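Undergrad: Below is one structure. I have some questions about it.
The values are calculated or read from the model by the stated rules, or taken from the named source; none is laboratory data. What you see is a predicted model; the values in this text were computed from it and never measured. Please note: Cβ atoms are built from the backbone with ideal geometry, for glycine as well, and neighbour counts cover all protein chains shown. When the accessible area is computed, the model is the full protein with side chains, heavy atoms only, and any ligands, DNA or RNA have been set aside. Shrake-Rupley method; radii C 1.70, N 1.55, O 1.52, S 1.80 Å.
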Amino acid sequence: MELMIFETPAAVADEGARRIRHLLHARPDAVLGLATGSTPLTMYERLVRDCRQKRISFAAVTTFNLDEYVGLDGDHPQSYRHYMNEHFFSKIDIDLANTHLPVAAAGANPLRIGAEYETKIAAAGGIDLQVLGIGRNGHIGFNEPTSSLGSRTRVKTLTRETLASNRRFFPAHGKQAELAITMGIATIMEARKVLLLATGEEKAAAVEQLIEGPVSAMWPATTLQYHGNVTVLLDAAAASRLKNRDYYDWVQQQQQKLVQQFDAD
Ligand code: PGA
């Protein structure tokens, strides 16, 4: 696992955007796996800026989001489709027809959507780079603790903790969606590259498990220890419980030297 620790969330966003720019320069028709939530917002802002400045184009890019609430149509303000359109897709040159979420709109059978979504991902050639956040409880996507490490895209019941944490996105007296469809852990593990961003002290315990804990379904993100190409970008607060911080900083310095010498971007 490649680990980079920055002082601020803004620096995490800068590095995340730089990684995606780098990929799109090498592969303009890349397939991106995308995440919602608070964490990637600044990174999306950076990419919008880059696109407006014509430094990158999403015209040939295909995207697959990690998850969506069951029963919310795309125009529902709390749907992840709405989030993606609002914060990202409407501001870049992507073709909306190439953007995908595992949507089970009101009335649709949510139990069917998972397999269909997996088929679409496979038909697009698989995911080149999957952007991830991490939940306080160590979830990735909506794969809550005790999710099977071999799970595929399916309906998940959200934990009370996740519901409480996401309550802020729903109106004070509005009904909150309690079920989601999420890529499974095995689906995420098939992405060719994973870019996980975590900022803030409330993520420190989950980050500690991700980097230094044993692999366990109780902390689903720990499965990424088995993935051969993961980059974790942290701010200092999210990294605050790591025991081997000195070593990680030392590795980062050595890595930077190597990149400057042999692989300048
Ligand atoms: P957040 O969510 O970015 O809003 O903290 C991350 C997650 O729950 O995966």
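Undergrad: Hey, got the dipole for the chain? About the Cα centre, +1 on K and R Cβ, -1 on D and E Cβ, debye to the nearest 20?
TA: The calculated dipole for the chain is roughly 180 debye.
Undergrad: Please give me, ordered by residue number, the trypsin sites (Lys or Arg not before Pro) of the stretch 25-69 that lie in loop per DSSP and have at most 10 other Cβ atoms within 10 Å.
TA: Loop-located and lightly packed - K54.
Undergrad: Further, regarding this structure: Quick one: grab the alpha carbon gyration tensor of the stretch 152-265, order the square roots of its eigenvalues as a ≥ b ≥ c, and give me rounded if a/c is under 1.5, else prolate or oblate depending on whether a/b is larger than b/c.
TA: prolate
Undergrad: Note the full-extension length gain between H82 and K257 as 0.36 nm times their separation in residues minus their Cα-Cα distance, in nm to one decimal.
TA: Here the segment from H82 to K257 would lengthen by 58.8 nm.
Undergrad: R167: net charge of surrounding residues, Cβ under 15 Å, Lys/Arg +1, Asp/Glu -1, itself excluded?
TA: Net local charge, R167 excluded: +1.
Undergrad: Just to confirm a number: summing +1 for Lys and Arg and -1 for Asp and Glu over residues other than R192 whose beta-carbon lies under 15 angstrom from that of R192, what do you get?
TA: So the surrounding residues net to -1.
Undergrad: Got a number for carbon plus sulfur as a percent of the stretch 205-265's accessible area, 1.4 Å probe?
TA: Here it works out to 51 percent.
Undergrad: So what's the net charge close to W250: Lys and Arg +1, Asp and Glu -1, counting the other residues with Cβ under 15 Å from its Cβ?
TA: So the environment of W250 carries a net charge of 0.
Undergrad: Next question, about the same structure. So if the hydrodynamic radius of the chain is defined as the Kirkwood radius over C-alpha pairs, what does Stokes-Einstein give as its diffusion coefficient at 4 °C and 1.567 mPa s, in µm² per second?
TA: 69
Undergrad: I'd like to compare 56-68, 133-145, 23-35, 88-100: which one has the highest average count of other Cβ atoms within 10 Å, and what's the full order after that?
TA: Per-residue mean Cβ counts within 10 Å order the peptides as 133-145, 56-68, 23-35, 88-100.
Undergrad: What share of the DSSP beta bridges in the chain is antiparallel, in percent to the nearest 5?
TA: Bridges in the chain that DSSP calls antiparallel: roughly 30 percent.
Undergrad: Put +1 on the Cβ of each Lys and Arg and -1 on the Cβ of each Asp and Glu in the stretch 2-262; which of A35, A180, I121 then has its Cα farthest toward the positive end of the dipole?
TA: Value: I121.
Undergrad: Could you tell me what a quarter of the Cα convex hull surface of the stretch 199-265 works out to, in nm² with one decimal place?
TA: 5.2
Undergrad: Considering the chain as a Gaussian network with a 10 Å cut-off on Cα pairs, which listed residue, Y226, Y69, Y80, attains the greatest mean-square fluctuation?
TA: Fluctuation is largest for Y226.
Undergrad: So what's the projected area for the stretch 125-175, the Cα convex hull averaged over all directions, in nm²?
TA: 5.0
Undergrad: Could you give the size of the charge dipole of the stretch 133-265 about its Cα centre, using +1 on the Cβ of each K and R and -1 on the Cβ of each D and E, expressed in debye and rounded to the nearest 20?
TA: 480
Undergrad: What are the GluC sites (Glu not before Pro) within the stretch 162-265 that DSSP puts in a loop, where the Cβ has at most 15 other Cβ atoms within 10 Å?
TA: E178
Undergrad: Can you pull out the trypsin sites (Lys or Arg not before Pro) in the stretch 165-265 that DSSP calls coil and that have at most 12 other Cβ atoms within 10 Å?
TA: In loop regions of the stretch 165-265 (DSSP not H, G, I, E or B), the sparsely surrounded trypsin sites (Lys or Arg not before Pro) are K175, K243.
Undergrad: Separate question: What share of Cα pairs, in percent, lie more than 24 angstrom apart in the stretch 65-171?
TA: 24
Undergrad: While we're on this one: Out of Q78, F89, P110, whose Cα points farthest toward the positive end of the dipole of the stretch 71-112 (charges: +1 Lys, Arg; -1 Asp, Glu; placed on Cβ)?
TA: Toward the positive end, the furthest listed residue is P110.
Undergrad: I'd like to know how the stretch 120-214 sits against the 2.2 N^0.38 Å rule of thumb: what's its Cα Rg over that expected value?
TA: Dividing the Cα Rg of the stretch 120-214 by 2.2 N^0.38 Å gives 1.16.
Undergrad: Moving on to the next point. Would you mind working out the magnitude of the charge dipole of the stretch 93-149 relative to its Cα centre, with +1 at each Lys and Arg C-beta and -1 at each Asp and Glu C-beta, to the nearest 20 Debye?
TA: Taking the Cα centre of the stretch 93-149 as origin, the dipole is about 240 debye.
Undergrad: Further question: Give the separation of the Cα centroids, the stretch 127-200 to the stretch 1-21, in Å.
TA: Here the two parts' Cα centres lie 21 Å apart.
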